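Only one structure is covered here, and it is reproduced in the block below.
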Amino acid sequence: MNTKTVKIHFQQHDILVKLPKGYDERRHHPYPLMLVQEGYALFKDVEADVIFADLVPNDRKLELTPWHAVVDGVNYEGGADTYKKWIIEQLIPYLRKCFNISQEHKDIGIGGVSLGGLFTLYTLLKDPETFGYYILISPSIWYPRFVEFMKQQEIIKQDKRIYWYVGEQEGRQHISIKQEMFTQTELGVDILNELMISENASFYYETNKRGNHEMSYFKKYFARAIKKLF
């Protein structure tokens with residue numbers, strides 16, 4: 001049976017759910033869930049024994065950012081804590097009612113690109129007990145004070161499975177702090193490696209020397225992340 005998608009509107013948010021092949025024939029088989037911020041373009045061509053859910057923020061500059069900041073004249077409002085709480089306390093329980101999703105935290109994943117990747121990383125650091133899988137595709141780690149925030153976090157004891165990708169050309173065209181995208185990423189990767197102490201954790205980090213902030217790279221490395229993590 002072919003994969004199928006289901007469109008849901010839940011508490012003012014549009015969600016597109018992609019079910020794996022054979023889902024209807026295996027309704028009693030619990031599946032992992034991967035929540036992806038603005039992610040349909042990333043997973044629509046990916047085949048895996050996973051339920052994917054595309055979350056569309058109502059205001060990405062509010063919901064996907066950890067605190068207030070102004071960059072290049074753009075006002076980022078810093079509402080990630082509220083959005084994160086909604087995902088954990090409202091959305092995931094609702095999706096479990098609708099679909100046959102594993103009850104284990106370790107089987108629930110979260111991911112995103114750019115600000116969505118930043119939100120994913122922030123969620124890992126703030127609520128490490130909630131998700132088991134994390135996909136960080138070009139996370140906006142240039143965000144003001146984010147690396148300093150990472151340095152202040154507690155050790156991560158849980159057995160996480162994490163994939164992080166960045167293109168080495170990302171940010172080069174900017175003249176603001178965004179031009180530090182790759183160098184800040186390298187610092188962030190080192191910090192995260194130090195925070196993760198479980199021998200059973202998995203952390204994959206990949207770069208592309210020609211990679212820039214474009215969908216073709218995002219899709220390629222998201223697919224690689226799914227293969228490595230699942």
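Read the figures in this text as sums done on the coordinates, not as results from a lab. Small disclaimer: the values here were computed from a predicted structure and weren't measured. In this analysis, Cβ positions are derived from the backbone assuming ideal geometry, glycine residues included, and neighbour counts consider all displayed protein chains.
Calculate the dipole size of the chain relative to its Cα centre from +1 charges on Lys and Arg beta carbons and -1 charges on Asp and Glu beta carbons; express the result in debye to the nearest 20.
Computed charge dipole of the chain: roughly 600 debye.
Over region 78-230, what relative contact order in percent results from Cα pairs under 8 Å that are six or more residues apart? Please list the in-between numbers first.
Numbers: 233 pairs, mean separation 32.4, N = 153.
Once normalised by length, the contact order is 21 percent.
Mean separation of Cα pairs under 8 Å and 6+ residues apart, divided by the residue count of region 136-226: what relative contact order is that in percent?
Numbers: 130 pairs, mean separation 36.6, N = 91.
About 40 percent, as a whole number.
Where only DSSP H runs of four or more residues are counted, the chain gives -8500 deg cm²/dmol as its mean residue ellipticity at 222 nm, each run worth -39500 (n - 2.57).
Please state the shape class of region 109-230: rounded when a/c is under 1.5, otherwise prolate if a/b exceeds b/c and oblate if not, all from the C-alpha gyration tensor. Oblate.
Peptides 94-107, 35-48, 184-197, ordered by how many other C-beta atoms sit within 10 Å of their residues on average, highest first, read 35-48, 184-197, 94-107.
Residues Lys178, Lys209, Lys126 in ascending order of nearby Cβ atoms (within 10 Å, fewest first): Lys209, Lys126, Lys178.
Cβ crowding within 10 Å, taken as a proxy for footprinting-reagent exposure, orders Ile156, Ile141 from fewest neighbours to most as Ile156, Ile141. With contacts taken as Cα pairs under 8 Å and at least 6 residues apart, region 1-114 reaches a relative contact order of 27 percent.
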